[in-house]
Structure formats: C-alpha cells, structure tokens
Amino acid sequence: MCIAGDVVLTLKEDVLNYESGLLPNQHWEQFYQNFPIYLDKLPYHKYVCESLLTGDLNHLPNCLLYGPKGFPIELLIEYSLSCYFKTSFPIQKRYPIWNQSLPYTETNYYFCIDTEHPEFPKDIEDLVQFIKGIVQTKCIHLTRHIIVLKNMDQIANRKNSFCFRVLLERFSQNVLFINTTHHIQMIEPPLLSR
C-alpha cells in the first residue's frame, strides 16, 4: 500500500488493473507519477530495472523482457531509460504516425512501437521501412538508436520469424532493440537467441 496525497493506492490492485484499463484516470496518473515509489517495494523488479541498461550503450545487447500480463513492463523500461540518461521520469513523449500507417511513440531518447495498437500495419515490411528511416537519420542525443518493440510476439510469429530475425541482425550495430512480450512461447527459438 502506498499513500499518494489523500488517496491510498494498493500496489497489487493497481498493478493488476493497469493493463486491463480498470484504473480511473486520476489513479492512473498517480500510479504513473509514483512508479519509482512502487518500484522500491518490488525488489526483483527494481533489480531488473537497475540491471537493464548498464555499461556503454554501443555494447549493450538486444534484450527481451517477458512476464505475465499485469505488470506494466513499459513503465519499467521507461524508468530504466530515465535513470540511464539521468533525465526526469516520466519522459516527455510525442505520438506521431509514420507514413500515415505506423503509429509510434517518440522521445528524445528512444522510439516505442506497440504491435498491439489497433492501427499497427499487418505487413512487417512497413516496420522494416520505418526502422530503415530511423537508422539512416543521425541520432542527435545518442550514438545508437533505441527502439522498444512492445508485444513482439504479434510480429515475431512463425510467418514473420525469418524476416524479423534478419531485421534484428541487420540493424543491431545501429539500434538497440528492447522487446517485450507476455507470450514468450509464441516466439520462435532462433529469435530468442538474438
């Protein structure tokens, strides 16, 4: 339990209700703002957060974060990035649509693509072209772009496995991919090794 102003928020209920959209807007905003406080009460998740980005950005490997639905993995990633870049949390975001077909989130530090977004294109080639566009543009703040792919299992299935594997290999020198999933069993083993 955490006291935020005059509202008492129960950690377990808030975490479980976060992804299902059951939190009222006021409580969701408090949960988001107080995420670092909640993280102090979750030692394993705090350890993951502190361990996610350590060392030189140019040498960090691609990573996959997975777990059951209920814990807001994207907040964990955002908090890790804000700590790594020593910037305020939450990080300011913009929500453009690339080429009128691919919605994404953009910050000064990373791009985030949610493959479960209702307007996400069904053709993985759109994602490839988007990433090519990012790679061909010089990164202003960093030496390497960071792309967070949420719900990777939606595009890394049997049909697109080879194409996605090539994508990870082709751009791994210029882009750090941070992937998330709640269904790791849906991802092909060759992708897990990358």
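The values are calculated or read from the model by the stated rules, or taken from the named source; none is laboratory data. All figures in this text were calculated on a predicted structure; none of them were measured in a lab. Here Cβ is always computed from backbone atoms with ideal geometry, including for glycine, and neighbour counts include all displayed protein chains. The area values use the complete protein model at the heavy-atom level, side chains included, leaving out ligands, DNA and RNA. Shrake-Rupley method; radii C 1.70, N 1.55, O 1.52, S 1.80 Å.
Observations on the model:
- The listed peptides 31-40, 53-62, 84-93, ordered by packing as a protection proxy, come out as 31-40, 84-93, 53-62 (highest mean of other Cβ atoms within 10 Å first).
- When the C-alpha to C-alpha distance is required to be over 18 Å, the pairs from K93/K122; K69/K122; K86/K138; K93/K150 that qualify are K93/K122; K69/K122; K86/K138.
- Among the GluC sites (Glu not before Pro) found in region 85-194, those both in a DSSP coil and sparsely packed, with 15 or fewer other Cβ atoms within 10 Å of their Cβ, are E116, E119.
- Between D56 and E29, the FRET efficiency from the beta-carbon distance, with R0 = 41 Å, is close to 0.70.
- Protein heavy-atom accessible surface, 1.4 Å probe, per residue over region 96-142: 57 Å².
- Tensor-based shape of region 98-142 (alpha-carbon gyration tensor, a/c under 1.5 rounded, otherwise prolate or oblate): oblate
- When both region 39-93 and region 113-164 are represented by their alpha-carbon centers, they are found 19 Å apart.
- Each residue of region 32-41 is assigned a 3J(HN,Hα), and the resulting list reads 4, 5, 9, 4, x, 5, 4, 4, 4, 8 Hz, derived from the Karplus form 6.51 cos²θ - 1.76 cosθ + 1.60 (θ = phi - 60°), x at Gly and Pro.
- Portion, in percent, of the accessible area of region 54-181 that falls on carbon or sulfur, probe 1.4 Å: 49
- Whole-percent pair-distance distribution, where bins are 10 Å wide, for the alpha carbons of region 116-194: 17, 54, 27, 3
- Amide H contacts for L64 (H built 1.01 Å from N in the peptide plane; partners 5 or more residues away or on another chain; cut-off under 5 Å): N179.
- Cα gyration tensor shape of region 71-171, rounded if a/c is under 1.5, else prolate or oblate by comparing a/b with b/c: prolate
- Three-way shape call for region 35-99 based on the alpha-carbon gyration tensor, with the a/c threshold at 1.5: rounded
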